[in-house]
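Okay, structure first, notes after.
Laboratory data are not the source of any read-out in this text; all were calculated from the coordinates shown. Treat the numbers as computed from the prediction; the structure is a model and nothing was measured. Cβ: placed from backbone, ideal geometry, glycine included. Neighbour counts: every protein chain shown.
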Amino acid sequence: MILDFLRKPLTVVDFLVLLLLSPVIISIVIFIAIILEPSDIPSIKDQPYECGRFGDQQMKIDRNYLFFARVEYQDVNYWGKNVREQHNIKGCDDQIQNASFDVKWPEMEPSDGFQLDSKNVNNITVALNQRTIWPEEQESKGFFDSIASLKLYLRDIATHEEMSAKEINEKKVFNLNLGLYQIDVRGIGRVSQRVFWQEVEGKGVDAIINCYYFQSENTSCELSYHVPNYGFNTSYITIYFHAELLPHWQEIQQDSFKMIDSFRVRV
């Protein structure tokens, strides 16, 4: 999602670290902040919900839940000007590219969503993203092997070298408390990183959780997993939360999907 990082206010130390980790992303955020106009953000009073489709699934979403009170439609240039005009011509039969929900867990009610330096550790952000294409190397739309994403998270931050499948198998340990495999990755500066994932025998890597731990005691985790029933080419859900909620990752995963499914229009 284009505006994803705007929901994560940073401390000075965290900003400098993330600047080293993702200079391109930080540059994009600054650019967005410059070009984004207040008029681009629709008023909830004008229309209390957003409507559209993920494939053949029609959604009607209470805008109190949505980041910036809107979804992002396919074929809308959210980088440019006149975003509101482009956005408002879309409707219930148009395809949604992304819907990002800011909620408090476990109530799953509207909140400020995940913020890196917030003490409200129960605030999370859930993003449903529709894939525009289905990769040919993936065999079945019922399962998406996320091994490529796992290797990306595990690559050496200094050399950018990917970890081989053999090295992953040698280094991984099974975390009994979480029911996930785990590798502690060499961090940068005052940041440490841990990557957790779930494997399905004979298929590959399913859910992945990537967590950063800052010396300021702030934490940031990102859980991603495949959603086969939303979108012609399927979708995936990404959940942003604090590491304090890590023991509840399965409950958060299930509750997030239930919330998203509650906005589906039943015919």
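What to note about this one:
- Label-point separation in nm, residue 250 to residue 186, each point 7 Å along Cα→Cβ: 3.5
- You can think of it this way: the chain between residue 243 and residue 81 has 54.6 nm of extra reach, that is 0.36 nm per residue less the Cα-Cα gap.
- Pair-distance distribution of segment 131-221: all C-alpha pairs, bin width 5 Å, starting at 0; shares per bin in whole percent are 3, 12, 21, 23, 18, 13, 7, 3, 1.
- In this simple spin-label model, placing a label point 7 Å from the Cα along the Cα-to-Cβ direction at both residue 262 and residue 120 gives a separation of 1.7 nm.
- Full-stretch length increase - residue 109, residue 171 - with 0.36 nm per residue and alpha-carbon distance subtracted: 18.4 nm
- Under 5 Å from the amide H of residue 57 lie the amide H atoms of 231, each residue being 5 or more positions distant or on a separate chain, with H modelled from the backbone and absent for Pro and chain starts.
- Legend: distances between Cα atoms for 60/258; 104/172; 171/258; 60/90; pairs beyond 25 Å are 104/172; 171/258.
- Here's the list of aspartates and glutamates a cross-link from residue 166 could span, going by alpha-carbon distance under 19 Å and ignoring same-chain residues fewer than 8 apart: 145, 156, 184, 199, 201, 206.
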